[in-house]
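**Student:** Have a look at this one.
The values are calculated or read from the model by the stated rules, or taken from the named source; none is laboratory data. Since the structure is predicted, the reported quantities are computational estimates derived from the model, not experimental observations. So basically every Cβ, Gly included, is an ideal-geometry build from the backbone, and we count neighbours across all protein chains shown. Ligands, DNA and RNA are excluded from the accessible area calculation, which covers all protein heavy atoms including side chains. Shrake-Rupley method; radii C 1.70, N 1.55, O 1.52, S 1.80 Å.
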Amino acid sequence: MQRHYDIVVAGGGPSGLQFARTVAARSDYSVAVLEANDDLSENDTSTGGTFRQIVEGYDLPESVVMDTTDAVEFEGSGSWACLPVEAYVLDFPAFLEFLGEDAEREGAEIHT
Ligand SMILES: Cc1cc2nc3c(=O)[nH]c(=O)nc-3n(C[C@H](O)[C@H](O)[C@H](O)COP(=O)(O)OP(=O)(O)OC[C@H]3O[C@@H](n4cnc5c(N)ncnc54)[C@H](O)[C@@H]3O)c2cc1C
């Protein structure tokens with residue numbers, strides 16, 4: 001582990017990993033991600049529901065998509081609606097591992 005980086009990201013969740021991945025791919029900055037868990041896949045904060053904008057915007061492979069649907073039910077206190085929206089269920093641990101591996105391929109360092 002080197003001692004100096006241009007950018008240090010605290011937390012290897014979706015935000016930190018996608019940020020590191022993008023910066024590493026698009027700049028010459030050295031980037032390190034520091035993750036408190038022993039493994040990126042230990043982050044269990046999400047059930048993985050998401051929309052096409054994320055799957056396409058993050059350029060995700062099919063291998064991290066567990067399921068798709070063409071309708072989504074939105075529930076609030078006292079009301080709900082089922083809308084015809086294309087949606088996805090990600091394999092959240094696989095999604096995080098993919099982001100981490102791709103960030104490393106782009107030159108970022110991941111330290112758990
Ligand atoms: C039960 C539940 C279900 C959810 N379901 C969905 C869903 O279906 N779809 C959806 O879009 N969103 C869902 N969410 C929300 C989603 O999980 C968050 O929006 C998303 O995880 C936020 O990503 P993040 O990278 O900002 O933070 P996080 O995912 O919280 O990642 C932060 C990372 O930082 C690490 N960390 C924390 N402190 C430190 C430290 N001091 N040093 C180093 N590392 C640290 C943590 O271990 C963690 O890995 C759900 C949330 C919960 C709680």
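**Student:** Collect the residues in the stretch 17-36 that are open to solvent by less than 10 Å² (accessible area, probe 1.4 Å) and more than 14 Å from Asp6 (Cβ to Cβ), keeping them in residue-number order.
**Tutor:** If the condition is that a residue be open to solvent by less than 10 Å² (accessible area, probe 1.4 Å) and more than 14 Å from Asp6 (Cβ to Cβ), then Leu17 is the only one that fits.
**Student:** Please find, within the stretch 11-35, the residue that is farthest from the ligand (Cβ to nearest atom) out of those that are touching a residue at least 40 places away in the same chain (Cβ under 8 Å) and within 18 Å of Leu90 (Cβ to Cβ).
**Tutor:** Once the filter is applied, the top-ranked residue is Arg21.
**Student:** Starting from residues that are in contact with a strand residue (DSSP E or B) (Cβ under 8 Å, 6 or more places away or on another chain) and not in a strand (DSSP E or B), keep the ones in the stretch 81-111 and report whichever is surrounded by the most Cβ atoms within 10 Å (Cβ to Cβ). Break it down into steps so the answer makes sense when it comes.
**Tutor:** Step one: of the stretch 81-111, the residues in contact with a strand residue (DSSP E or B) (Cβ under 8 Å, 6 or more places away or on another chain) are 81-83, 85-91, 100, 103-104, 107-111.
Among the residues that remain, those that are also not in a strand (DSSP E or B) are: 85-86, 91, 100, 103-104, 107-108.
On the way: Val85: 13, Glu86: 12, Asp91: 16, Gly100: 23, Ala103: 27, Glu104: 15, Gly107: 16, Ala108: 25.
Applying the filter and picking the extreme gives Ala103.
**Student:** Let me ask something else about it. Of the residues in the stretch 45-60, how many are within 8 Å of the ligand (Cβ to nearest atom) and within 15 Å of Gly13 (Cβ to Cβ)? Reasoning before the result, please.
**Tutor:** In the first step, residues of the stretch 45-60 are kept if they are within 8 Å of the ligand (Cβ to nearest atom); the result is 45-50, 54.
When the remaining residues are screened for being within 15 Å of Gly13 (Cβ to Cβ), the result is 45-48, 50, 54.
So the answer is 6.
**Student:** For the stretch 1-10, enumerate the residues that are over 15 Å from Leu99 (Cβ atoms) and within 11 Å of the ligand (Cβ to nearest atom). Walk me through it before giving the result.
**Tutor:** Looking only at the stretch 1-10, we keep the residues that are over 15 Å from Leu99 (Cβ atoms), and these are 1-8, 10.
Result: Val8, Ala10.
**Student:** Using beta carbons and a limit of 8 Å, which pairs, at least six apart or on different chains, have the first residue in the stretch 43-56 and over 13 Å from Val72 (Cβ atoms) and of a type in the set (Ser, Thr, Tyr) and the second one near the ligand (Cβ under 6 Å from one of its atoms) and not in a helix (DSSP H, G or I)?
**Tutor:** Thr45/Gly13
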